[in-house]
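The values are calculated or read from the model by the stated rules, or taken from the named source; none is laboratory data. What you are looking at is a predicted structure, and each value in this text was computed from that prediction instead of being measured. Note that each Cβ is placed from the backbone with ideal geometry, even for glycine, and that neighbours are counted across all protein chains shown.
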Ligand SMILES: Cc1cc2nc3c(=O)[nH]c(=O)nc-3n(C[C@H](O)[C@H](O)[C@H](O)COP(=O)(O)OP(=O)(O)OC[C@H]3O[C@@H](n4cnc5c(N)ncnc54)[C@H](O)[C@@H]3O)c2cc1C
Ligand code: FES
Ligand code: FES
């Protein structure tokens, strides 16, 4: 099918975009990379009256160092993030997860902000944001608020964003020394959405024990899931054997995976256990502890 | 009458000035308005890859872009690879290695292979497989496509070209 008719608006600045959003309210939709929205339009699953195309707002796309961490503009293409030297130096887990999004032609167009706003439960970046304790700068006409990643994802394809709001920037705190971070997943075919994905970070103390652990999973519930229980059992332990096994078990207990043609809930639980262990093992190596 | 918007597209080096309805997909404008039917259209939801073209040098699904969004862009389609009746060396390699059967996926396979070889003149088999995994082929089982790209790489078909 073909997209329905819509009014096409092309703001050149963020303020212009916000004014347009304020004017059209719920009848308008933002168009970023279009890699999720245009399929929905092509199938007429959504029929907005107006599309506000933010692709010409050049200053919404950037990766900057900020307070030892990163600030990423919402319009940054997934491919730009994957390729960014700054990302590779500061938070390589972000590039690692980005590479798993769709295929290169999708990542050339798809944006970081669009991916997060779309909030697909199997999507990689939302889980990474949760594990990194990201904060989102959300703006509307004459207003601005900060949202923690853990408060942002509210359900399947739904977020705490309100009509008229635009996700402008993603802020990622830096990592303490001796931290390892990894994202691993299983997809049915290279580039497909993850059946299950795991983002994990471990910080080791001078004796090589876990000082801090952060774990988030995707594909195992309506939103990405932070596995806090699993994080707790790791603290003070050496990152191997029984401790990792216990963490993987708690991580699985935190999930509520769907059953569909791609895999049963049971299969997804097995994957969650396996990949939690694998991600933590990789973390430990990267943190220099093993 | 629906409202149209004036846009400029440079396709295969030729400038076009068009008036398009905002909801028209880039693939439809290429095929219908510019009669460049080498770019195929399959699923219209980004999965099959048959509509892949290069936009400002980067591969993109032309079914997931509005033509208005491509205003001012440079686009390369399969028609821009060869020169008149002369096939591009990559096309020659596809023919020789039997990298195609029905030909439906072929234009897009050529575009992703072209992009890959431009960036990486001697890719490994795995890198070739990853690049073409963006596109579905119902006919060849991919092996002969991989071999075609390898053949083209061995002949330096793309490196330094253009
Ligand atoms: C074949 C295929 C495979 C894919 N595989 C994966 C995958 O493996 N993993 C994955 O995570 N994704 C995958 N995707 C989705 C892809 O990553 C999309 O690019 C992404 O989900 C949406 O980003 P976008 O920039 O294209 O946003 P759009 O499609 O333009 O927008 C998506 C939604 O977000 C809203 N929006 C966009 N930007 C903002 C903003 N700044 N503020 C507020 N709202 C905004 C839009 O209004 C819309 O509702 C795949 C897509 C395709 C077609
Ligand atoms: S027609 Fe564009 S990806 Fe299938
Ligand atoms: S050759 Fe027939 S679809 Fe690929």
How many residues, within the range A:145-191, are part of a loop (DSSP other than H, G, I, E, B) and under 13 Å from the mean Cα position of the chain (by Cα)? 1
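One line per residue, one yes/no per condition, for (1) within 30 Å of residue A:54 (Cβ to Cβ); (2) at pLDDT below 95; (3) within 15 Å of ligand 2 (Cβ to nearest atom):
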{"residue": "B:59", "(1), (2), (3)": "yes, no, yes"}
{"residue": "B:67", "(1), (2), (3)": "yes, no, yes"}
{"residue": "B:73", "(1), (2), (3)": "yes, no, no"}
{"residue": "B:94", "(1), (2), (3)": "no, no, no"}
{"residue": "B:115", "(1), (2), (3)": "yes, no, no"}
In the range A:34-47, the residues that are within 11 Å of chain B (Cβ to nearest Cβ), touching a residue at least 12 places away in the same chain (Cβ under 8 Å) and near ligand 1 (Cβ under 10 Å from one of its atoms): A:34, A:35, A:36, A:37, A:38, A:41
Any residue that is within 14 Å of another protein chain (Cβ to nearest Cβ), more than 15 Å from ligand 3 (Cβ to nearest atom), modelled with pLDDT of 95 or more and surrounded by fewer than 23 Cβ atoms within 10 Å (Cβ to Cβ) - is there at least one of those in the range B:148-158? no
Can you find a residue that is touching a helix residue (DSSP H, G or I) at 6+ places or on another chain (Cβ under 9 Å) and assigned to a helix (DSSP H, G or I) anywhere in the range B:54-61? no
Reported set for the range B:13-39 where residues are more than 16 Å from ligand 1 (Cβ to nearest atom) and either assigned to a loop (DSSP other than H, G, I, E, B) or within 11 Å of chain A (Cβ to nearest Cβ) (or both) is B:13, B:20, B:21, B:24, B:28, B:34, B:35, B:36, B:37, B:38, B:39
Return yes or no: is residue B:110 under 15 Å from residue B:78 (Cα atoms), in contact with a helix residue (DSSP H, G or I) (Cβ under 6 Å, 6 or more places away or on another chain) and either in a helix (DSSP H, G or I) or within 16 Å of ligand 1 (Cβ to nearest atom) (or both)? yes
Just checking, does the range B:63-85 include any residue being away from ligand 1 (no atom under 16 Å from the Cβ), within 15 Å of the chain's Cα centre (by Cα) and farther than 23 Å from residue B:25 by Cβ? yes
If I ask for residues that are in contact (Cβ under 8 Å) with a residue 12 or more places away in the chain and either within 11 Å of another protein chain (Cβ to nearest Cβ) or surrounded by fewer than 21 Cβ atoms within 10 Å (Cβ to Cβ) (or both), which ones from the range B:122-139 would you list? B:122, B:123, B:125, B:129, B:131, B:132, B:134, B:135, B:136, B:138, B:139
Yes or no: residue B:58 touching a residue at least 12 places away in the same chain (Cβ under 8 Å), more than 9 Å from chain A (Cβ to nearest Cβ) and within 16 Å of the chain's Cα centre (by Cα)? no
